[in-house]
Every structure is written in C-alpha cells, then in structure tokens.
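Engineer: Here it is, the structure, as structure tokens.
The values are calculated or read from the model by the stated rules, or taken from the named source; none is laboratory data. All of these numbers come straight from a predicted model, not from anything done at the bench. Cβ atoms come from the backbone with ideal geometry, glycine included; neighbour counts cover every protein chain shown.
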Amino acid sequence: MTSLLVEQLTKSYPTPGEPLVVLRGVDLSLQSGDGLAVVGPSGSGKSTLLNLIGGLDLPSSGRVVVDGEDITRMSERSLSRFRNRKIGFVFQDHHLLPQCSVFENVLIPCLAQGRPSRDQVEWAAYLLERVGLSDRKDHRPSELSGGERQRAALARALVLRPVLILADEPTGNLDATSGQRVAELLLELQAENHAILITVTHSPTLASLMSRQMRLEDGRLVDMPRGAWRV
C-alpha cells in the first residue's frame, strides 16, 4: 500500500527584514485511495505546500516521504525521475503543448523513459476514452474547449499510473458544468488507480467530493468537519 508522510514541513523566504514564513510545521499522513481537499484563503500557502509535496520545491525543514522514499533527500536527477514515475500533476492551466495533438500531449510523460511502450500507448488511448476525448485525440489544444483541454491534462497526469496525484485548482478556469465533469473524472480515475489525491481548491463543489478536507491556517493544516468549512 502506498503512503504519503509529511513531517514538520516548514517553508520561509528571505526578505530585507524578517523572513517570510509560509508554512510552520505541517504534518500529514495519507494512504492509497485517500482523497484530501486543502482549502484556505488566497496567499495562505496552499500551492506552496503542494509544490513541496510534489518535489517541485524544497522545504526549509521537515521531510516528505512518498511510497517509502524521502524525496527531500534525493538528488535533483533522482527526484526528477521519481516525480515522472510516481507523481501526477494537474494545474489550473492545462499546460498542453500547442504544436502537439491531444494524444501526443498525453504521451509526453512517457518520453522521459524513451519511446512509449505499446502498453503505454494503449493506456493513453483508454484514458482519452475515459475522459471523453477519443474523437478529439488528433486535434490540437487550440481546437478544444477549456473543459476538454483540462480533461486532456488529466489524462496526461495519469498516463504513468502515479501513486500520488496533486491537483492545484483543477477546475478554477472552468464553468460550473465543465468543472463538475472534471472533478467527477478526477475522483473516478483516482479511485480506479487507488492513488492518493490531494487537491488545492476554492471550489466547495470539488472539496465536498473529497473524503477529507483540511484548512491551511497560519501555516498549519487543520482538520475540518465534513461540510463545516468555508473557502
């Protein structure tokens, strides 16, 4: 069973005066299949926390252990390989390459390991079917709607079957209908793959779909009773 362990995670930035402290000792533990929504006001450090958990930034202190490996102690090369194999990212902006087709965009994470295997190509095709884009696989991102681009980005995040999915405002740029569809697909595909899912969101709809909600307050994560939080 995959686990995520975050222990006493801190992050601060130097300033001409006192250091800017963003995170003040975050602790978190999740297992395969768990889903967590992190809510809180803009500027509270939610995206910073997600970037630290995903190995996109280094903490000032503390550690992050994913699938039994302490990513805060990895070399840059080892961490890059680990992120590619184990962690899937979904951002508010889809970040699809405009010159590539939808299908090529989904397969991009596979290229870090060389030529995509037959199994990877078949899995990518399945994911596009699951997100309702089989008939759009040869289109360029500019030919898709906002919701379709985000669904393509979701397929790309899952193409290497990550054990940890990190989603930063995945429905933030979408209308209510498209956002609901993307949120439901995110939960469905996470459950199918028994992955850990953490999403940062201002959306009450998305957060309410998660099995657990926590609020980032004064640099620390606080458990919230289901349905009792405010974004």
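Engineer: Between LEU56, LEU107, LEU96, which is in a helix (DSSP H, G or I), within 18 Å of the chain's Cα centre (by Cα) and either at pLDDT 95 or above or not polar (S, T, N, Q) (or both)?
Structural biologist: Answer to the selection: LEU107.
Engineer: Also: Residue under question is SER134, and the condition is that it be within 21 Å of SER145 (Cβ to Cβ) and in contact with a His (Cβ under 8 Å, 6 or more places away or on another chain); does it hold?
Structural biologist: no
Engineer: Still on this model: Could you count how many residues in region 180-222 are among the aliphatic types (A, V, I, L, M) and not in a helix (DSSP H, G or I)?
Structural biologist: 10
Engineer: Then there's this: For VAL64, state whether it is under 30 Å from GLN8 (Cα atoms), within 21 Å of the chain's Cα centre (by Cα), at pLDDT 95 or above and aliphatic (A, V, I, L, M).
Structural biologist: It is true that VAL64 is under 30 Å from GLN8 (Cα atoms), within 21 Å of the chain's Cα centre (by Cα), at pLDDT 95 or above and aliphatic (A, V, I, L, M).
Engineer: Sticking with this structure for a sec: Looking at (1) aromatic (Phe, Trp, Tyr); (2) surrounded by 15 or more Cβ atoms within 10 Å (Cβ to Cβ); (3) in contact with a strand residue (DSSP E or B) (Cβ under 7 Å, 6 or more places away or on another chain), can you tell me which one PHE103 breaks?
Structural biologist: (3)
Engineer: Residues being under 30 Å from LEU49 (Cβ atoms) and assigned to a helix (DSSP H, G or I): count how many of those fall in region 125-171.
Structural biologist: Summing the residues that are under 30 Å from LEU49 (Cβ atoms) and assigned to a helix (DSSP H, G or I) in region 125-171 gives 16.
Engineer: Here is a further query. Just one of SER29, SER42 is part of a strand (DSSP E or B), among the hydroxyl-bearing types (Ser, Thr, Tyr) and surrounded by fewer than 19 Cβ atoms within 10 Å (Cβ to Cβ); which is it?
Structural biologist: SER29
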